[in-house]
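Structure first, commentary second.
None of the figures in this text is laboratory data; all of them are computed from the coordinates on show. Predicted model, so just to flag it, every value in this text is computed and none were measured. Note: ideal-geometry Cβ built from the backbone for every residue, glycine included; neighbour counts use all protein chains shown.
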Amino acid sequence: MPKPLVQSTGRRKQAVARVRIRPGTGVITVNKRPIENYFPSETHRMIVTEPLRLTTLDETYDIDATMDGGGISGQAGALRLGIARGLVDLDEELRMTLKRAGFLTRDARKKESKKYGLKKARKAPQYSKR
């Protein structure tokens, strides 16, 4: 296995993706499993591969990712950010293309924290007049 050209990190919600990009044929491996097994949904696979398709590098690099935390959608978003950051590290000229598409922006939305006196972040106990 060749040494990685670039290592980058992507995060979304609670998910963290550590991404390694190597020269290869376009194989994407997530937690030592093929992407088809890890993300059975076509939508999530499409989200993950968007930066590669936009820059037409989908058959140039092999991607090996380690995912941790979060759910399926958060992990797909984290992996997309990690891949986009890695591609910018490889070639600075891709930055404007990926930035315009919004792939270099960290999605800051998180779960709202629970407040005291409430059951969840906003759900209040049932009000009783009598």
Legend entry - Shape box of the chain [Cα atoms, principal axes, largest first, Å]: 71, 31, 24
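What value does the stretch 1-45 have for Rg/Rh, both radii from Cα atoms and Rh as Kirkwood defines it? Can you show the working numbers first?
Details: Rg = 11.7 Å, Rh = 12.0 Å.
Looking at the stretch 1-45, the ratio lands at 0.98.
Counting other beta carbons within 10 Å of each Cβ, put Arg45, Arg109, Arg33 in order, fewest first.
Numbers: Arg45 16, Arg109 8, Arg33 11.
Ranked by crowding around the Cβ, least crowded first: Arg109, Arg33, Arg45.
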Legend entry - For Leu81, net neighbour charge (Lys/Arg +1, Asp/Glu -1) across residues whose Cβ lies under 9 Å away: +4
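Do the sum for the chain: with -39,500 (n - 2.57) for every DSSP H run of n ≥ 4, divided by all residues, what is the mean residue ellipticity at 222 nm, to the nearest 500 deg cm²/dmol?
Details: 4 runs with 43 residues, N = 130.
Per the formula, -10000 deg cm²/dmol.
If I stretch the segment between Ala121 and Ala108 completely, what's the gain in nm (0.36 nm per residue apart, minus their alpha carbon distance), one decimal?
Details: separation 13, 0.36 × 13 = 4.68 nm, distance 1.76 nm.
Taking Ala121 through Ala108 to full extension adds about 2.9 nm, to one decimal.
Quick one: length gained pulling Gln14 to Thr56 fully straight, 0.36 nm per residue minus the C-alpha distance?
Values: separation 42, 0.36 × 42 = 15.12 nm, distance 2.95 nm.
Here the answer is 12.2 nm.
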Inset, instruction - Starting from the Cα-Cα distance between Met96 and Arg22, subtract it from 0.36 nm times their residue separation and give me the gain in nm to one decimal. - result: 24.4 nm
